[in-house]
Amino acid sequence: MGGSVLSALGEVLLPRLCEACGCRLNVGDTVLCATCQARLPFRACIDTGFDEDVECDAAIRRVMAVFTYVHGGVIYKLTAKVKRGKCRALARNLGRLAAVEAARAGAFDGVQVLVPVPLDPSKLRRRGYNQAMEIALGISRHTGIPVADALVRRRGGDSQKAKRAGERGHNVKGAFAIADQSACAGRHVLIVDDVMTTGTTLAECAAVLSGCAASVSVLAVARTAMV
């Protein structure tokens with residue numbers, strides 16, 4: 001009885017708010033209100049691909065993304081909050097939301113380890129966490145698949161956001177290296193990231209891991225809308 005009273009009092013004094021629109025959450029809601037949940041831009045098919053001009057030296061089993069990323073949309077707002085920092089729990093919940101839908105499409109069949117895309121060290125210091133790692137931990141909580149911090153970013157590179165496809169490829173070429181080969185050797189690895197635009201970063205990570213992993217797939221929470 002006491003616990004339920006305290007919980008109810010907490011909801012009055014410190015109400016839980018929707019991470020997308022800021023409205024008050026109802027009992028049973030977790031990250032999003034019912035309205036924003038209904039607006040989640042699920043892709044018709046999670047299987048996608050890299051842009052045609054993205055070079056990839058790895059044979060990738062599957063390339064997947066759960067949501068469509070549209071400027072100003074629900075996923076845009078959630079990932080923007082995560083990248084501003086102090087939102088570890090939100091990042092993990094994004095991973096859980098993606099995992100629930102991706103599991104229905106068999107995204108995790110045969111996957112033995114989740115490997116997040118490493119973050120540029122300077123961004124990691126500013127943000128305090130790697131959002132791809134937190135997303136992977138959220139996926140792991142839902143699937144039970146372990147997470148390995150098996151990749152390291154050995155040079156930063158500029159932001160990919162404003163670059164063209166060819167520039168993106170040059171920007172990440174040689175940027176990644178294997179930090180823990182034993183975590184991936186002979187295993188089916190699933191590389192995890194937040195948003196896929198052209199696919200250059202994920203393709204480069206896959207190329208690096210393909211040297212020791214038995215097979216590689218990639219999963220992004222969202223894929224930018226292809227015009």
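Contact annotation: residue pairs with Cβ atoms under 8 Å, 6 or more positions apart or on different chains, pairing a residue in segment 42-58 that is in contact (Cβ under 8 Å) with a residue 12 or more places away in the chain and farther than 17 Å from V221 by Cα with a partner that is surrounded by 13 or more Cβ atoms within 10 Å (Cβ to Cβ) and among the aromatic types (F, W, Y), are C56/F50. Take the conditions of a type in the set (V, I, T), at pLDDT 95 or above, in contact with a Leu (Cβ under 9 Å, 6 or more places away or on another chain) and under 23 Å from R61 (Cα atoms) and apply them to V100. Does it pass? So V100 fails the test. Residue count for segment 213-227 satisfying the condition of being outside any strand (DSSP E or B) and buried (at least 17 other Cβ atoms within 10 Å of the Cβ): 0.
When only residues in segment 139-151 that are of a type in the set (V, I, T) and part of a helix (DSSP H, G or I) count, which is farthest from the chain's Cα centre (by Cα)?
Let us first name the residues in segment 139-151 that are of a type in the set (V, I, T), namely 139, 143, 145, 147.
After this cut, where a residue has to be part of a helix (DSSP H, G or I) as well, the list is 139, 143.
Working: I139: 9, T143: 15 Å.
Restricting to residues being of a type in the set (V, I, T) and part of a helix (DSSP H, G or I), the top hit is T143.
Is it true that some residue in segment 79-89 is crowded, with 20+ Cβ neighbours inside 10 Å, under 16 Å from the mean Cα position of the chain (by Cα), farther than 17 Å from A206 by Cβ and β-branched (V, I, T)? If you could, list the steps in order and put the result at the bottom.
First, pick out the residues of segment 79-89 that are crowded, with 20+ Cβ neighbours inside 10 Å: 79, 82, 87.
Narrowing the set further to residues that are under 16 Å from the mean Cα position of the chain (by Cα) leaves 79, 82, 87.
Still in the running and farther than 17 Å from A206 by Cβ: 79, 82, 87.
Next, only the ones that are β-branched (V, I, T) stay: 79, 82.
For segment 79-89, residues crowded, with 20+ Cβ neighbours inside 10 Å, under 16 Å from the mean Cα position of the chain (by Cα), farther than 17 Å from A206 by Cβ and β-branched (V, I, T): present.
Restricting attention to segment 82-138, the residues that are among the polar types (S, T, N, Q), in a helix (DSSP H, G or I) and without any contact (Cβ under 8 Å) to a residue 40 or more places away in the chain add up to 1.
Could you please find all residues in segment 183-203 being more than 16 Å from the chain's Cα centre (by Cα) and either in a strand (DSSP E or B) or crowded, with 23+ Cβ neighbours inside 10 Å (or both)? Those that are more than 16 Å from the chain's Cα centre (by Cα) and either in a strand (DSSP E or B) or crowded, with 23+ Cβ neighbours inside 10 Å (or both): C184, A185, H188.
When segment 59-86 is examined, which residues are found to be more than 12 Å from V195 (Cα to Cα) and in contact with a strand residue (DSSP E or B) (Cβ under 6 Å, 6 or more places away or on another chain)? Within segment 59-86, I60, R61, R62, V63 meet the criteria. Within segment 94-108, the residues that satisfy the criterion of being of a type outside the set (V, I, T) and within 23 Å of K83 (Cβ to Cβ) are L94, G95, R96, L97, A98, A99, E101, A102.
Look at segment 167-208 and say how many of its residues are basic (K, R) and at pLDDT 95 or above.
We begin by selecting, within segment 167-208, every residue basic (K, R); these are 168, 173, 187.
Still in the list and also at pLDDT 95 or above: 187.
Qualifying residue count for the region: 1.
Among residues of segment 46-78 being part of a helix (DSSP H, G or I) and among the aliphatic types (A, V, I, L, M), the one that is farthest from T201 (Cα to Cα) is V74.
The residue list T30, T68 contains one member that is closer than 30 Å to S210 by Cβ, of a type in the set (V, I, T) and either at pLDDT below 90 or surrounded by 13 or more Cβ atoms within 10 Å (Cβ to Cβ) (or both), which is T68.
The values are calculated or read from the model by the stated rules, or taken from the named source; none is laboratory data. Every value quoted in this text rests on a predicted model; they were computed, and no experiment measured them. Every residue, glycine as well, gets a Cβ built from its backbone with ideal geometry; the counts of neighbours run over all protein chains shown.
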